[in-house]
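Student: First the structure, which I've put down as structure tokens, then a few questions once you've had a look.
Values in this text are rule-based calculations from the coordinates and carry no lab data. The structure presented is a predicted model; accordingly, all values stated were derived computationally and were not measured. Positions of Cβ are generated from backbone atoms using ideal geometry, with glycine treated the same way; all protein chains shown enter the neighbour counts.
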Amino acid sequence: MSRKIGVSRTNRKVSGEGRAEGSAAGRTGHVLLLDLPVESAYQPPSDITETDDAVRVLLEIPGVSAGAVRVQVAGDRIEVTGEKLPDFPGGDASFLCLERIFGKFQRAFQVRGSVNMKEVSARLANGILVITIPKVAERRGHERRIPVTTG
């Protein structure tokens, strides 16, 4: 089951289980992200923010280079995969404590709403991957004349 993540106009995070549309989903210009389940040993923690012009997904992946991360868009789905390689000290060192996570990671999000999935961008700086999903101008309520043809 996926976890629904939405951000309301008041910038309050709305979260819940399942795919049911919540009350915040009915708002004009609202964007809904579904955190999709994936088979991975490691899922980087994420924050999701919304502004008037974009939705941003921030993934915490310290110690991972840009070349070790892959961001892919397929339809309404954004998938992030990569690998954090171990940086163990050489020699005869033995661990007294090992809390850091190494290995392959994956996160996937389904995006619903007025967004432009063709213009998604990603930037990695200081261990934070920022995926920017630009919004599309709201089209509801705009009047447009439709020409009538004959024949």
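Student: Using a 7 Å offset from the Cα along the Cα-to-Cβ direction at both Val73 and Thr149, what is the distance between the two label points in nm, to one decimal?
Tutor: 3.1 nm
Student: Okay, next question. Counting only residues 5 or more places away or on other chains, whose amide H sits under 5 Å from the amide H of Ile61 once H atoms are built in the peptide plane?
Tutor: Here Ile128, Leu129 satisfy the definition.
Student: Please give the net charge around Val71, taking every other residue with its beta carbon less than 12 angstrom from that of Val71, where Lys and Arg add +1 and Asp and Glu add -1. Provide the component values of the computation, followed by the final result.
Tutor: Working: positive: Arg70, Arg77, Arg107, Arg123; negative: Glu79.
Value of the local net charge: +3.
Student: For the range 89-100, what does the Karplus curve 6.51 cos²θ - 1.76 cosθ + 1.60, with θ = phi - 60°, yield as ³J(HN,Hα) per residue in whole Hz, taken in order and with x for Gly and Pro?
Tutor: Coupling constants for the range 89-100: x, x, x, 9, 5, 10, 7, 8, 7, 9, 10, 5 Hz.
Student: Using a simple charge model, +1 on the beta-carbon of Lys and Arg, -1 on the beta-carbon of Asp and Glu, nothing else, what dipole does the range 61-151 show about its Cα centre, in debye to the nearest 20?
Tutor: On the way: 14 positive and 9 negative charges, 131 e Å.
Roughly 620 debye, rounded to the nearest 20.
Student: Right, next: Once phi is turned into ³J(HN,Hα) by the Karplus curve 6.51 cos²θ - 1.76 cosθ + 1.60 with θ = phi - 60°, what whole-Hz value does each residue of the range 144-151 show in order, with x for glycine and proline?
Tutor: Values, residue by residue: 9, 7, 9, x, 9, 9, 10, x Hz.
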